[in-house]
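The structure appears below as structure tokens.
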Amino acid sequence: LNVTEEKFVLDTLAGCTEYKSILDVVVNAFYVQDGRYCPISERNLYIVICYLATFQLEEIGLQRFSKIVKSLDTAKMQQFLRFFFNELYLNTWIKDEWSHFYDSVYVKENWIDPLLRWQPKVQQLIEKLTDKLSNRTTAVKTSRVTQPKEFNLTVPKPRAIPPPSPAPLPVLPKRQPVPPSIYKPPKERKQLEEIKTKNIQKAKVSVFCSSILSFFLNWFFYIVSSSQILELYLKHICFAIKSLVAFSLEMSFIDNIPVKLNTAAILREDALYQRKLEEELRRIENLQQGAGDLSEFLEWQKQMREKDLGEQLTEMECRRLQGKLSYEEAVLAHQNVIQENKKKADLLRDKKAELMHLYAEKCLQEQKEMKELVEQVMEGHKNVKQAKAKIQEYKQQIVQQVCEESGELLRQALQEREDENRKRYELIQQIRAIESTPSMRLKFVDLTETGGHGLFGEMSIVELRERLALLKEAQKAAEEEKRDQIIHEKQAKEQLILDKLNQISQFRAELGRAAALKQEEKKKSQSIEKPMKDERILNLQKKIVEKTMERKKQAGLL
């Protein structure tokens, strides 16, 4: 495309994207009414034609627009233009639908009025397309075109081409089969599920044990005064404690499952444990030197954080309830808007009925005027036929004179062409004679001699091959030495990783014991407090209930 055509295409694409909403209104309605049997793949074609007719008809002109329309399918363009340039549709529902996106005054002045001004001229284009469809177009006489003939030249014999040597077929290496382990679930997942089940059972047992022990201890203090049945209760308590301890010991046994770790994970975990060990040693040294313990400050900090967290949760609950309250208010406002829209729709329906009645009367008046115009045109056609016959005779005389003059010019041109072909034939014969003479193109090469170009380090091909062989042997020896060095480094690294794993297992065992002791202390000191609801939350919940009742009542009225 040249610069002008490219600019036109880009402007059309940008316009179709910008005004997609109003163009979709027309094209969707066309597919519902007149284009029910049109394929959906041609939707973009109708969008482009609708954009050109609405926004670019003043700029490109009717002639160029007609050229674009005639280059497309006649039946589809006639059907779409007849639908779009319907005066009733433009004045009623197209104008109303476009007014939903843009101001109604702007739509009428800038889009609807220009389309109505172009409507009579576009109607003529639609009638031409209709005539073309009904095969009523007049036949156009085509002039005879001179067809050139080929020259009778001697066809040269094709030269024999030696067949190429067949290239060896490449042999593909055997692919390795897919290992069956890919399609099987890992064993570690099953083992982790079993550990999870055992931990759940252990937690249930611990809860049960604590409840049973608290029950028995309460009864023990209650009946401590009665010495007769005290011995009996003590026997029952001892038996229950023994059974529960045995059961908990059975549930607490968990198999050690090997977890595969890569080198980076092992080194990270070892560095973490070393850092913790250094921090603990530093803390012990500080305590020995007289530094204070931070446990009280950390406990106070933990309480303040829990307090801040409670306030944040209360604030979040208030925001959630406020959002729910605003939703209820929005639903009520939406129901009010629906009632107003129903009233507006009734008014528009009445106006539409009045416009349809006026349009029917206008159509009857136009039909009467068209009948009178057709009668006047038929009387004018009778006088035109006589004038056409006289013009036809005059044109035949002119054609005969032109044919006689063109015959003489053709004879001269043929004579000049024959002379030129004869000269070309002689020149081709001379070129072929020169090409048929043989020539010696062979040259013998001695691989032991140098090129003789006078360069530093110049050598023969045989010496070059010997030096390349020596370089390959030296490179191979260097590779073997490097391979041995890599193997030694790898073995040393594996030994270091094994040492790190042993240290990590010891650190894990110590941390597990410390965590168990800390958990037991936390269970003893933990107290359950029921959170009190904030007054703001209670007020918001009350307002939400009132708005919900009001919305349901409004929905029942609708």
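Okay, here's what the table says:
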quantity: Every pair of residues 6+ apart whose Cβ atoms lie under 8 Å, when the first sits in region 311-340 and is under 16 Å from Glu550 (Cα atoms) while the second is loosely packed, with under 12 Cβ neighbours inside 10 Å; calculated: Gln335/Ala555; Gln335/Leu558
quantity: Residue in region 42-54 that is of a type in the set (Phe, Trp, Tyr) and in contact (Cβ under 8 Å) with a residue 40 or more places away in the chain present; calculated: no
quantity: Residues that are among the basic types (Lys, Arg) and open to solvent by less than 100 Å² (accessible area, probe 1.4 Å), drawn from region 489-520; calculated: Lys500
quantity: Lys523 vs. criteria open to solvent by less than 70 Å² (accessible area, probe 1.4 Å) and not small (Gly, Ala, Ser); calculated: no
quantity: Test result for Leu447, at pLDDT below 90, surrounded by fewer than 10 Cβ atoms within 10 Å (Cβ to Cβ) and over 60 Å from the mean Cα position of the chain (by Cα); calculated: no
quantity: Counted residues, region 1-24 - those being more than 24 Å from the chain's Cα centre (by Cα) and outside any helix (DSSP H, G or I); calculated: 2
quantity: Lone qualifier among Ile428, Ile434, Ile398 - being in a helix (DSSP H, G or I), among the β-branched types (Val, Ile, Thr) and farther than 30 Å from Thr154 by Cα; calculated: Ile398
quantity: Sole residue being of a type in the set (Lys, Arg) and surrounded by 13 or more Cβ atoms within 10 Å (Cβ to Cβ), chosen from Lys157, Lys149, Lys76, Lys67; calculated: Lys76
quantity: Flag if Glu354 is modelled with pLDDT of 85 or more, open to solvent by 100 Å² or more (accessible area, probe 1.4 Å), of a type outside the set (Lys, Arg) and in a helix (DSSP H, G or I); calculated: yes
quantity: Per-region count, region 131-188, residues at pLDDT 75 or above and either of a type in the set (Val, Ile, Thr) or in contact with a helix residue (DSSP H, G or I) (Cβ under 9 Å, 6 or more places away or on another chain) (or both); calculated: 11
quantity: Number of the exception - Ile257 against (1) outside any loop (DSSP other than H, G, I, E, B); (2) modelled with pLDDT under 80; (3) of a type outside the set (Lys, Arg); (4) under 25 Å from Leu511 (Cα atoms); calculated: (1)
quantity: Top-ranked residue in region 333-357 [being aliphatic (A, V, I, L, M) and over 38 Å from the mean Cα position of the chain (by Cα); ranked as nearest to Asp96 (Cα to Cα)]; calculated: Leu348
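Listed here are the residues, each with its yes/no results for (1) under 30 Å from Glu311 (Cα atoms); (2) modelled with pLDDT of 80 or more; (3) charged (D, E, K, R); (4) in a helix (DSSP H, G or I).
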site: Lys490; (1), (2), (3), (4): no, yes, yes, yes
site: Leu496; (1), (2), (3), (4): no, yes, no, yes
site: Arg513; (1), (2), (3), (4): no, yes, yes, yes
site: Glu521; (1), (2), (3), (4): yes, no, yes, yes
site: Lys547; (1), (2), (3), (4): yes, yes, yes, yes
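The values are calculated or read from the model by the stated rules, or taken from the named source; none is laboratory data. Just so it is clear, the model here is predicted, and its values are computed rather than measured. Counting neighbours? That spans all protein chains shown, and the Cβs are built from the backbone with ideal geometry, glycine included. Each accessible area value is taken on the protein alone, full model and side chains, heavy atoms only, with ligands, DNA and RNA left out. Shrake-Rupley method; radii C 1.70, N 1.55, O 1.52, S 1.80 Å.
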